[in-house]
Amino acid sequence: MERQKPRTLSGFMELLPAPQLQMERMMEVLRETYGLYGFTPLDTPAIEASEVLLAKGGGETEKQIYRFTKGDADLSLRFDLTVPLAKYVALHYGELTFPFRRYQIGKVYRGERAQRGRFREFYQADIDIIGDGKLDILNEAEIPAIIYQTFSRLGLQRFQIRVNNRKILNGLFAVLGLSEQASDVMRTIDKLEKIGADKVAELLTGEFSVPPEAAATLLSVLQADASLAALAPFAGQNALLDQGIDELSQVANAMTAFGVPQSHFKIDLTIARGLDYYTGTVYETLLLEHPEIGSICSGGRYDNLAEYYTDKPLPGVGISIGLTRLFYVLGEQQLLNADRLNAPADVLILPMTADLNPAIALATKMRSAGLRTLLYSEDKKFKQKIGYADKLGIPYVLFLGEDELAAGIVACKDLRTGEQTKQSADETIALLLKALAPQRDIPVIREN
RNA sequence: GUGGGUAUAGCUCAGCUGGUUAGAGCACCGGAUUGUGGUUCCGGGGGUCGAGGGUUCGAACCCCUUUACCCACCCCA
């Protein structure tokens, strides 16, 4: 028989059991937190008709999309969750209640070169709020609060949400006579933190024929410490700019009421975001200890979610967490908690008698009590039986042999301390529940 | 898509100017220790050296082709 070498495609993450459990816990925290803000879950197909996903046409997405045919059907794998959302909202417009708040955690696919922390299949965790015709600015202030809650609940502390408004940038571009190159300039200033002001100035004046004075003015305003104050001299020159300044001020004020501490957000005029559908507030979230990894959560306000599917104006605001990348980076930085929840069970029962029935009854009893229980039924040597618990990180082992059965007790060993107790099944269950309770509150992420 | 690099055991890697049966650590299996693991000691299994072709008396090593992977850029989560 010809055997194939087992392999996993580059850019596709495949985890071992313990890290997979951590990943699932992260997702649970996200679902819980999003639920607190009234978002409902949504799931859409991973595959869509190509004409739906490529309705917008052209650009990078078309080059990166996984596209194939099956019979006569021209199909594509979704490359984000926003386009499927647009389709969904347009399709079910009449049945949805607006503002529509949904969260979606799902895999997306991008056929680009994989790199460390850069995947071809990865999870995005998105939340969006879609309005019917209008959507109040307050929603744009609530989003950072959700970001703050989410990361806090995961156990992260040292992060910062950076906020800007595209109207300010576009307004400034207009004042400086750069409206024609707006998209290129936008993408270039977004690289400020990565490549520095000198390189950006070089690119602007070189590649995109921005006059040197305009580039200098732009950079000095964007990089000023007191952002809103630096914009003051431009007030009244451009309606869009004025509106942007007003919106950004409102958002910043309301964010505090929504519970985002000053320490965790910052107005930063250099946040631009590459995607061109953002029209107002934009967000980026950085790990303060690891700014080099870039944004772990980004998004913003857009005016027309579903313009390619319907003529209904559907403004919205949303963000996306790159879960796979976040998980990868946290693991690499050793910020993930290795606690007993990464074990598949709390207790392993080792029957020492030929008759397994008492052990089965005990397992059933423990599961009813809420203990994650494994029953070792394989006929192996003792060393291998207890080694099973050891390798899986299961903290407690229960021995059930002739002696214990005769005495009506169970022997319970704590593998971490080596201590062993001998008492009734009920007493043992109570003991374990008490011992394990505090660990349920340990967050996924452990900083420091 | 553009440019650069790497490919040897399950994993991380060593392997001298080409020279006999290709090594280490970790992991795995067994024993010391058949109702007490994780530590220690002893032993063991495991590799068509990414694939195909060429040069040579002889190739993991040199040459060609090819595939995969990694890094940077583009773009992005």
Seminar exercise, completed: Checked segment A:321-358 for anything crowded, with 20+ Cβ neighbours inside 10 Å and either within 30 Å of A:Asp303 (Cβ to Cβ) or free of Cβ contacts under 8 Å to residues at least 12 places away in the same chain (or both); matches are A:Ile321, A:Gly322, A:Leu323, A:Thr324, A:Arg325, A:Leu326
Problem set entry | Criterion violated by A:Gln181 - all others in (1) more than 14 Å from RNA strand B (Cβ to nearest atom); (2) among the polar types (S, T, N, Q); (3) surrounded by 16 or more Cβ atoms within 10 Å (Cβ to Cβ) satisfied | (1)
Exercise. Can you spot a residue in segment A:294-317 that is assigned to a helix (DSSP H, G or I), buried (at least 19 other Cβ atoms within 10 Å of the Cβ) and more than 14 Å from RNA strand B (Cβ to nearest atom)?
Worked result: no
Seminar exercise, completed: Picking from A:Tyr376, A:Tyr396, A:Tyr388, A:Tyr328, the residue that is hydroxyl-bearing (Ser, Thr, Tyr) and away from RNA strand B (no atom under 12 Å from the Cβ) would be A:Tyr376
Problem set entry | Candidate set: segment A:399-448, residues that are part of a helix (DSSP H, G or I) and small (Gly, Ala, Ser); chosen: the one surrounded by the most Cβ atoms within 10 Å (Cβ to Cβ) | A:Ala425
For this session: Report the residue count in segment A:86-117 for those that are under 14 Å from the mean Cα position of the chain (by Cα), within 12 Å of RNA strand B (Cβ to nearest atom) and outside any loop (DSSP other than H, G, I, E, B).
Result: 2
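Here is a yes/no grid of residues against (1) farther than 22 Å from A:Gly111 by Cα; (2) assigned to a helix (DSSP H, G or I); (3) within 12 Å of RNA strand B (Cβ to nearest atom); (4) modelled with pLDDT under 90:
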{"site": "A:Arg3", "(1), (2), (3), (4)": "yes, no, yes, yes"}
{"site": "A:Thr8", "(1), (2), (3), (4)": "no, no, yes, yes"}
{"site": "A:Arg31", "(1), (2), (3), (4)": "yes, yes, no, no"}
{"site": "A:Gly38", "(1), (2), (3), (4)": "yes, no, no, no"}
{"site": "A:Thr44", "(1), (2), (3), (4)": "no, no, no, no"}
{"site": "A:Glu51", "(1), (2), (3), (4)": "no, yes, no, no"}
{"site": "A:Lys56", "(1), (2), (3), (4)": "no, no, no, yes"}
{"site": "A:Thr61", "(1), (2), (3), (4)": "no, yes, yes, yes"}
Exercise. Inside segment A:180-194, can you point out the residues that are within 26 Å of the chain's Cα centre (by Cα) and assigned to a helix (DSSP H, G or I)?
Worked result: A:Met186, A:Arg187, A:Thr188, A:Ile189, A:Leu192, A:Glu193, A:Lys194
For this session: Among the numbered conditions (1) assigned to a helix (DSSP H, G or I); (2) more than 21 Å from A:Leu54 (Cα to Cα); (3) more than 16 Å from RNA strand B (Cβ to nearest atom), tell me where A:Ile146 comes up short.
Result: (3)
Seminar exercise, completed: Restricting attention to segment A:88-139, the residues that are surrounded by fewer than 17 Cβ atoms within 10 Å (Cβ to Cβ) and touching a Pro at 6+ places or on another chain (Cβ under 8 Å) number exactly 3
Seminar exercise, completed: Of the listed residues (A:Thr217, A:Thr188, A:Thr285), the one being in contact with a Cys (Cβ under 7 Å, 6 or more places away or on another chain), farther than 14 Å from A:Arg166 by Cβ and in contact (Cβ under 8 Å) with a residue 12 or more places away in the chain is A:Thr285
For this session: Quick one: A:Ala354 ticks every box in (1) farther than 30 Å from A:Val329 by Cβ; (2) assigned to a helix (DSSP H, G or I) except a single one, so which number is it?
Result: (2)
Exercise. Could we say that A:Glu289 is of a type in the set (Asp, Glu) and in contact with a strand residue (DSSP E or B) (Cβ under 7 Å, 6 or more places away or on another chain) here?
Worked result: no
Seminar exercise, completed: Condition set of a type outside the set (A, V, I, L, M) and not in a loop (DSSP other than H, G, I, E, B), scope segment A:63-73, selection farthest from RNA strand B (Cβ to nearest atom): answer is A:Lys70
Problem set entry | Residue list for segment A:57-87, filter: touching a residue at least 40 places away in the same chain (Cβ under 8 Å) and either buried (at least 21 other Cβ atoms within 10 Å of the Cβ) or touching a strand residue (DSSP E or B) at 6+ places or on another chain (Cβ under 8 Å) (or both) | A:Ile65, A:Tyr66, A:Asp80, A:Leu81, A:Thr82, A:Pro84, A:Leu85, A:Ala86, A:Lys87
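The values are calculated or read from the model by the stated rules, or taken from the named source; none is laboratory data. Quick caveat: nothing in here was measured; it's all calculated off a predicted structure. For neighbour counting, all protein chains shown are included, and Cβ atoms are generated from backbone atoms with ideal geometry for every residue, glycine included.
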